[in-house]
Amino acid sequence: MQEHKNGKENTDPVSEDEPRKIRILIMGNSVTAGGFCQNNPELGKISGMERNACSWGTRLRQMLEGQFPGAVQLDVAAFGERNTRGGTKMWEYDLFNDDVPNPDIVINTFSTNDMHAMSVKDAEIKNMTLEDAIIDNQEFIRKVLKP
C-alpha cells in the first residue's frame with residue numbers, strides 16, 4: 001500500500017494478475033465543478049466535490065471508465081472561486097474528501113480564475129505584474145511533485 005501524504009493509505013487491491021488502477025485527480029474551480037452546465041441525471045453518480053454530473057470531469061471519468069474498465073479512478077476536487085494559489089493550499093494542507101487517494105496524475109484546471117480581477121489585485125498587492133504572478137503559480141507544480 002502506498003501512503004498518502006497525510007498518513008492515509010491507498011487501499012487499491014493489487015495482485016500479480018491485475019495491476020492497480022491509475023489514479024487521476026482533477027483540481028479546479030467552478031468550470032471544472034460544472035457550474036452552469038445542464039445537469040443530466042443519466043450521467044451518473046457524482047462525488048461530494050463535484051457540483052454537477054454534467055461537469056467535464058465527470059464526463060471524462062465516464063469516457064475513461066468506458067474505454068478502460070477498472071483501470072482508472074478519476075476524482076474531481078473542484079470548488080467555485082478558486083485559483084491556482086488556492087489549489088496549492090488545498091494540496092499542501094490535504095483538503096480533500098477522505099475517499100480521494102494519493103493520485104498518480106494531477107490535472108490543474110484553475111487557469112480560468114488565474115486571470116480573474118482578484119488575481120490582478122493580488123498581483124498589485126504583491127507589487128508584481130500579472131504575468132509574474134501567473135508564473136509564480138508554478139509553486140503548485142512544485143508542491144504536487146514534492147515527495
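Looking at region 67-78, is at least one residue surrounded by 14 or more Cβ atoms within 10 Å (Cβ to Cβ), modelled with pLDDT under 85 and part of a loop (DSSP other than H, G, I, E, B)? Within region 67-78, none of the residues are surrounded by 14 or more Cβ atoms within 10 Å (Cβ to Cβ), modelled with pLDDT under 85 and part of a loop (DSSP other than H, G, I, E, B).
From the residues in region 87-105 that are among the charged types (D, E, K, R) and touching a residue at least 40 places away in the same chain (Cβ under 8 Å), which one is surrounded by the fewest Cβ atoms within 10 Å (Cβ to Cβ)? Checking each candidate, the answer is 98.
Being among the hydroxyl-bearing types (Ser, Thr, Tyr), crowded, with 17+ Cβ neighbours inside 10 Å and either modelled with pLDDT under 85 or over 16 Å from the mean Cα position of the chain (by Cα) (or both) holds for only one residue in 84, 112, and it is 84.
The values are calculated or read from the model by the stated rules, or taken from the named source; none is laboratory data. This structure is a prediction, so every number in the text was calculated from the model and none was measured. All Cβ positions, even for glycine, are placed from backbone atoms using ideal geometry, and neighbour counts span all protein chains on display.
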